[in-house]
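First comes the structure, then the notes that go with it.
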């Protein structure tokens, strides 16, 4: 009893000391707490997506009740501690908003593989990674499937002979093709396209090799048709004036039409970390609206009587806002461009309200708007990279603005050069972890490539694009395009040079799911928190980076169709097939941080590309893959104790002491992964890892 009393006496001051420390820390955040609102809101959204199953109605009600109770309680606690309770309330709100959005976009998903007649209205035209034209259709009719089970949207890749109808949004088309539900991850914990498709309302994906035909005459007044015609007219005119890759690049940044860019050119841009120059996102929207804003202010100052009587800053902001809105519509209005427009719009509205346009508060406001409208954006690389770069740039330039002494020691003509270098370095460092985790590679010379090209985007290419647009009604757009051409040529030359350098791309292993959130939260804490506790960000980020380097990869992977098997060895992952299961195989190699192609990884097995029986051994596993019906004749011979036999065709009977895995087994579990830990084989499946969520069919 005496010992316990002594322990209680010793420990009693600690809660009071902790509360006092919290009070002191929160007091130092006066005027900055709003900056944490989107962060805490995002934590709630992240918690929703991390749930193993979808909450029931009763659980949602209890969560909402908890939020309301804490909101009421926050009025009763001391004012300086109320932010702690409000933080929980905001996180709960994030979960509720994400859950509501998930139910709001709910639509039928195709439950099985379909082949037959497909009819629908074109709402979007783009290209796949293999450069095939893709159509997204709504008002879908599928042969033999009732309306209640028909997906709201389907996406078709077009192969074979086409060109029998002019493809435009609003046109109703028909064809015969293959469709299936959005594919599950190729390994447990891998990228889940089903979640992305769910929030896009995409219930089936597939392809057709049959010509696409018009189901009804072209509806000239159809929604989106006039705007699409304008996009295609501008794209064609630009590519006519600037033939070749230069015209394709210009059309892509002006209208979002990438059809004029060859795949080889795209790969060079990716390897040099310049592919972001094609995506109409924050960089382009900011450069365009910034140039329009400056141009309008300059034009108004040239008329002193007018400039002295009207608020030129606000008029210029309105003009820039209109230009951004038109650019959003002209580019096709994809999610990345919408996000960029919201960010720019918040800053321009701040100018209209006589507030500071570029500040962390404006960035926080833009983030909240996007997360409320599209909470699923949080788990997308585009959102993460955009805000990582923006927050880092605003914070760094705010610090440099406060530290005025260094400006006096630098010649004025050098300041723009220093600013460009700082922008490229800061944005590159801020987005590097996200890019590496999302794309499993780092462009080693990407910083050099960006330093050599991004200034041209801001000072030449985008201003020339605006000038071309202004002069187009007078038939003088060639003036602006003539300026764009050489600058775009320089960008493409830099991409070709950098991508050809030895070691231009460094493959990166896929990190554990917790790594990027910890890095992001640590960096945000270090930037936003006012006080010595901000240094806690350093050990948090270090722990995450160390954890990244120690992330283990599964030893054995089996594709969801049983068409390829991968076994990790000292030489890298060995694949059982040279071509089959290419999507799963390439995903595995990328996640391994392995730059080998599928054929090279198959050659590690020592088997020939046509061998139907492939034996893989290593890492404590003994695996045989039987591909095709003819290989099933070897099942009895290879079915030995302790061996795993994967068959791509279902056998008539299962006999023998081995473990046989068939496509039917994988339909229930999805792709599988195996590791050997403490002498025990541990298996994980996509079904178990993904949980029972709306987008998984649970």
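The values are calculated or read from the model by the stated rules, or taken from the named source; none is laboratory data. These figures come from a predicted structure and were not determined experimentally. Virtual Cβ from ideal backbone geometry, glycine too; neighbours counted across all protein chains shown.
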- Message: Being assigned by TED's automatic domain parsing to the domain that holds residue 681, farther than 18 Å from residue 647 by Cβ and surrounded by fewer than 22 Cβ atoms within 10 Å (Cβ to Cβ) narrows it down to one residue among 537, 533, 596, 580; which is it?
- Response: 596
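Taking the stated definitions as given, is residue 465 out of contact with any strand residue (DSSP E or B) (no Cβ under 6 Å at 6 or more places or on another chain), assigned to a helix (DSSP H, G or I) and more than 28 Å from residue 426 (Cα to Cα)? If you could, list the steps in order and put the result at the bottom.
Details: out of contact with any strand residue (DSSP E or B) (no Cβ under 6 Å at 6 or more places or on another chain): yes; assigned to a helix (DSSP H, G or I): yes; more than 28 Å from residue 426 (Cα to Cα): no.
Here the answer is no, as residue 465 does not meet what is asked.
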- Using the structure shown, decide if residue 131 is closer than 21 Å to residue 174 by Cα, within 27 Å of the chain's Cα centre (by Cα) and either loosely packed, with under 13 Cβ neighbours inside 10 Å or modelled with pLDDT under 95 (or both). no
- Could you list, in sequence order, the residues of the range 491-514 that are farther than 11 Å from residue 449 by Cα and either part of a helix (DSSP H, G or I) or under 22 Å from the mean Cα position of the chain (by Cα) (or both)? 505, 506, 507, 508, 509, 510, 511, 512, 513, 514
- Can you find a residue in the range 190-199 that is in the same structural domain as residue 133 (by TED's automatic domain parsing), without any contact (Cβ under 8 Å) to a residue 60 or more places away in the chain and within 23 Å of the chain's Cα centre (by Cα)? yes
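For the range 276-318, which residues satisfy the criterion of being outside any helix (DSSP H, G or I), free of Cβ contacts under 8 Å to residues at least 40 places away in the same chain and crowded, with 19+ Cβ neighbours inside 10 Å? Give the steps one after another, and end with the answer.
Of the residues in the range 276-318, the ones outside any helix (DSSP H, G or I) are 278-281, 302-303, 308-311.
Next cut, free of Cβ contacts under 8 Å to residues at least 40 places away in the same chain only: 278, 302-303, 308-311.
278, the sole residue that qualifies.
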- Item | Those residues of the range 535-588 which are in contact with a strand residue (DSSP E or B) (Cβ under 6 Å, 6 or more places away or on another chain) and in a helix (DSSP H, G or I), in sequence order | 585, 588
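Please pick out the residue among 25, 46, 31 that is at pLDDT 95 or above and within 37 Å of the chain's Cα centre (by Cα). So that I can check it myself, show each step before the final result.
Details: 25 fails: at pLDDT 95 or above; 31 fails: at pLDDT 95 or above.
One residue alone meets the criteria, 46.
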- Could you tell me which residue of the range 647-695 is modelled with the lowest pLDDT, considering only residues that are assigned to a loop (DSSP other than H, G, I, E, B), out of contact with any strand residue (DSSP E or B) (no Cβ under 9 Å at 6 or more places or on another chain) and within 21 Å of residue 622 (Cα to Cα)? 655
- What single numbered condition from (1) modelled with pLDDT under 85; (2) loosely packed, with under 15 Cβ neighbours inside 10 Å; (3) within 30 Å of the chain's Cα centre (by Cα) fails to hold for residue 209? (1)
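From the list 152, 184, pick out the single residue that is over 30 Å from residue 33 (Cβ atoms), in contact with a helix residue (DSSP H, G or I) (Cβ under 6 Å, 6 or more places away or on another chain) and not assigned by TED's automatic domain parsing to the domain that holds residue 60. Break it down into steps so the answer makes sense when it comes.
Working: 152 fails: in contact with a helix residue (DSSP H, G or I) (Cβ under 6 Å, 6 or more places away or on another chain).
Of 152, 184, the one residue that is over 30 Å from residue 33 (Cβ atoms), in contact with a helix residue (DSSP H, G or I) (Cβ under 6 Å, 6 or more places away or on another chain) and not assigned by TED's automatic domain parsing to the domain that holds residue 60 is 184.
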- Determine whether residue 414 is modelled with pLDDT under 85 and loosely packed, with under 15 Cβ neighbours inside 10 Å. yes
- Tell me, which helices (runs of 4 or more DSSP H) lie completely within the range 225-275 with 3 or more residues that are surrounded by fewer than 22 Cβ atoms within 10 Å (Cβ to Cβ)? 225-241, 263-271
- Query: So which of 631, 603, 607 is under 39 Å from the mean Cα position of the chain (by Cα) and buried (at least 19 other Cβ atoms within 10 Å of the Cβ)?
  - Reply: 607
- When you go through 508, 519, 527 one by one, which is the residue that is closer than 30 Å to residue 394 by Cα and in contact with a strand residue (DSSP E or B) (Cβ under 7 Å, 6 or more places away or on another chain)? 508
